[in-house]
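Inspection log for the structure reproduced underneath, given as structure tokens.
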Ligand code: 4NP
């Protein structure tokens with residue numbers, strides 16, 4: 001898109017748990033940094049099962065518990081044409097990354113990145129960089145996913161600010 005807004009889309013599988021968390025957290029950080037007119041944030045899923053639905057109630061609840069509002073979310077499915085609309089596509093796990101790189105135009109594959117690769121608190125010896133899918137697990141998985149998202153979005157914001165300048 002030919003304007004000076006930097007556009008980020010977070011992508012998981014269903015777009016009802018992890019990527020809505022990332023969207024809401026990142027938008028909050030962008031607002032706190034006073035950059036809402038420079039950085040736009042969205043989310044989607046690689047799958048279509050939940051299109052049009054609200055975020056999972058467990059997602060909305062864990063977000064609310066940490067001061068974020070996830071109530072406006074409606075799930076969407078990522079489409080390959082969206083590479084025209086977004087500067088950066090951020091995958092929540094390695095399976096999402098592989099699927100998105102498969103969909104990406106050849107010259108845009110490097111614009112698909114794993115969210116946790118931006119986590120400044122992770123050492124080089126970390127195992128994988130997935131935000132594990134909490135959908136089929138217990139409530140603790142949602143809290144852990146949100147903590148991972150919060151840490152990584154701090155680093156992502158710094159990275160994007162370095163790219164676009166203050
Ligand atoms: P998400 O979680 O990818 O974090 O939104 C999931 C939600 C639904 C399904 C899988 C993952 N599902 O298979 O319906």
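Please treat every number below as a calculation from the coordinates, not as lab data. Since the structure is predicted, the reported quantities are computational estimates derived from the model, not experimental observations. As a convention, Cβ positions derive from the backbone with ideal geometry for all residues, glycine included, and neighbour counts pool all protein chains shown.
Take residue 86 and decide whether it is under 23 Å from residue 164 (Cα atoms) and either touching a residue at least 24 places away in the same chain (Cβ under 8 Å) or buried (at least 18 other Cβ atoms within 10 Å of the Cβ) (or both). Explain how you work it out, then say what you get.
On the way: under 23 Å from residue 164 (Cα atoms): yes; either touching a residue at least 24 places away in the same chain (Cβ under 8 Å) or buried (at least 18 other Cβ atoms within 10 Å of the Cβ) (or both): yes.
Here the answer is yes, as residue 86 does meet what is asked.
Specify the residue that is nearest to residue 85 (Cα to Cα); the eligible residues are those in region 144-164 that are within 16 Å of the ligand (Cβ to nearest atom) and surrounded by fewer than 16 Cβ atoms within 10 Å (Cβ to Cβ). Walk me through how you get there before you give the answer.
Taking region 144-164 and keeping what is within 16 Å of the ligand (Cβ to nearest atom), we get 144-150, 152-153.
Of the ones still in play, those that are also surrounded by fewer than 16 Cβ atoms within 10 Å (Cβ to Cβ) are 144, 147.
On the way: 144: 30, 147: 28 Å.
Filtering region 144-164 for residues that are within 16 Å of the ligand (Cβ to nearest atom) and surrounded by fewer than 16 Cβ atoms within 10 Å (Cβ to Cβ), the one nearest to residue 85 (Cα to Cα) comes out as 147.
I'm checking my understanding of the structure. Among residues of region 6-28 that are in contact with a helix residue (DSSP H, G or I) (Cβ under 8 Å, 6 or more places away or on another chain) and part of a strand (DSSP E or B), which one is farthest from residue 104 (Cα to Cα)? Lay out the reasoning, then the answer.
Step one: of region 6-28, the residues in contact with a helix residue (DSSP H, G or I) (Cβ under 8 Å, 6 or more places away or on another chain) are 6, 8-13, 16-18, 20-22, 24-26.
Then drop every residue that is not part of a strand (DSSP E or B), which leaves 6, 8-12.
Numbers: 6: 18, 8: 15, 9: 13, 10: 14, 11: 13, 12: 15 Å.
So the residue we want is 6.
Among the residues of region 25-54, those identified as under 19 Å from residue 159 (Cβ atoms) and within 11 Å of the chain's Cα centre (by Cα) are 25, 26, 27, 41, 42, 43. In the condition set (1) closer than 26 Å to residue 69 by Cβ; (2) in contact with a strand residue (DSSP E or B) (Cβ under 8 Å, 6 or more places away or on another chain); (3) in a loop (DSSP other than H, G, I, E, B), residue 156 is compliant with all but (3). Checking each residue in region 8-18 for being within 6 Å of the ligand (Cβ to nearest atom) and farther than 13 Å from residue 54 by Cβ picks out 12, 13, 18. Only a single criterion out of (1) under 16 Å from residue 149 (Cα atoms); (2) in contact with a helix residue (DSSP H, G or I) (Cβ under 7 Å, 6 or more places away or on another chain) is not satisfied by residue 61, namely (2).
Being under 22 Å from residue 103 (Cβ atoms), surrounded by fewer than 19 Cβ atoms within 10 Å (Cβ to Cβ) and touching a strand residue (DSSP E or B) at 6+ places or on another chain (Cβ under 9 Å) is the requirement here; does residue 47 meet it?
Here the answer is yes, as residue 47 does meet what is asked.
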